[in-house]
Amino acid sequence: FEYGPVPPTKYEEVIQHLRHNFPDEPLNVAVGLCKHDEECKAFEHHNLLTLKDGLSVMAVDSNTGEIVGVALNGIARQGDNEEGLKEVEESDSREFRLIFGLLFNVNHELNLFEKYNVDKIFELRILSVDSRCRGRGIAKELFMRSEIIAEEYGFKIIKTDATSLFTQRVCERLGLTVAKSVRYKDYKDEKGNLLYDVESPHDYYKVMLKELPDHSTKG
Ligand code: ACO
């Protein structure tokens, strides 16, 4: 596999890759926001904005030229969580409200910007590997390369919303620690039904982060 940045000419292919592979993400499986090979407007709009931050990494099969994995990395700025919460409130999609309501609320409460005295955070937002190529270390390599980019650009914090146990493993291997951990089964509606009936072993959503040394070489 070859690894490198995602040029704008590849954005459409990344979206197609995600349509096919990312619906396996455990929180999405439980809530059903995105379906395999179907357009998922709100989610894809966010992914395109993230790609435009220019910090994402892809893995390409050197034989076929096909994208087999992506790490979509974006810049989180102060106020983003609060704007996200507004968007969640206004959304008419229950699934969107459920997933992004959880993520934005947890991050709003954590307030990492204040805690670490930073105005921007390098956020690894989406980690996705082709279902035919999983378990071969591609996610780990994508994450490692993302961290190098974060350091080059002078970010002090790299952070991810790890909704899957497998992503949590990658994060642990790379030295990220848990800033906040929530158990999916603790969220219920007023009738006592689970809001996030996420399949084991994905029992927790963890916000994980690492403080980076200053190796900045870029603006
Ligand atoms: N069963 C058990 N462990 C697994 C499995 C599996 N099916 N798949 C991966 N792992 C473990 C690996 O053993 C490894 O842990 P280790 O270092 O302790 O051995 C770790 O997870 C990472 O393994 P990789 O091979 O680097 O991961 P992979 O390339 O398979 O990609 C990913 C993992 C991205 C989660 C993939 O399964 C995927 O695309 N899933 C669907 C989308 C998704 O859930 N994305 C993550 C959501 S969170 C976020 O995006 C920030």
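Right, Val207: open to solvent by less than 40 Å² (accessible area, probe 1.4 Å) and more than 19 Å from the chain's Cα centre (by Cα) or not? Here the answer is no, as Val207 does not meet what is asked. Among the residues making up region 39-59, those that are closer than 16 Å to Gln16 by Cα and either part of a loop (DSSP other than H, G, I, E, B) or open to solvent by 80 Å² or more (accessible area, probe 1.4 Å) (or both) are Glu39, Cys40, Lys41, His45, Leu49, Ser56.
Going by the structure shown, is Asp214 surrounded by fewer than 18 Cβ atoms within 10 Å (Cβ to Cβ), touching a helix residue (DSSP H, G or I) at 6+ places or on another chain (Cβ under 9 Å) and farther than 25 Å from Arg94 by Cβ? So Asp214 fits the description; yes. Residue check: Gly74 meets all listed conditions (1) assigned to a loop (DSSP other than H, G, I, E, B); (2) within 16 Å of the ligand (Cβ to nearest atom) but one, namely (1). Assessment of region 137-148 against the conditions (outside any helix (DSSP H, G or I), near the ligand (Cβ under 10 Å from one of its atoms), touching a His at 6+ places or on another chain (Cβ under 9 Å) and open to solvent by 20 Å² or more (accessible area, probe 1.4 Å)) yields no matching residue. Tallying residues that are closer than 25 Å to Val182 by Cα and in contact with a Lys or Arg (Cβ under 8 Å, 6 or more places away or on another chain) within region 15-41 yields 2.
Residue by residue, here is whether (1) away from the ligand (no atom under 11 Å from the Cβ); (2) among the polar types (S, T, N, Q); (3) surrounded by 21 or more Cβ atoms within 10 Å (Cβ to Cβ) holds:
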{"position": "Asp61", "(1), (2), (3)": "yes, no, no"}
{"position": "Gly65", "(1), (2), (3)": "yes, no, no"}
{"position": "Val88", "(1), (2), (3)": "yes, no, no"}
{"position": "Asp92", "(1), (2), (3)": "yes, no, no"}
{"position": "Leu103", "(1), (2), (3)": "no, no, no"}
{"position": "Glu109", "(1), (2), (3)": "yes, no, no"}
{"position": "Lys115", "(1), (2), (3)": "yes, no, no"}
{"position": "Phe122", "(1), (2), (3)": "yes, no, yes"}
{"position": "Leu127", "(1), (2), (3)": "no, no, yes"}
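The values are calculated or read from the model by the stated rules, or taken from the named source; none is laboratory data. Please read all numbers here as calculations on a predicted model, not as lab measurements. Glycine gets a Cβ as well: all are built from the backbone with ideal geometry, and neighbour counts include every protein chain shown. Just the protein is used for accessible areas: all its heavy atoms, side chains included, with ligands, DNA and RNA removed. Shrake-Rupley method; radii C 1.70, N 1.55, O 1.52, S 1.80 Å.
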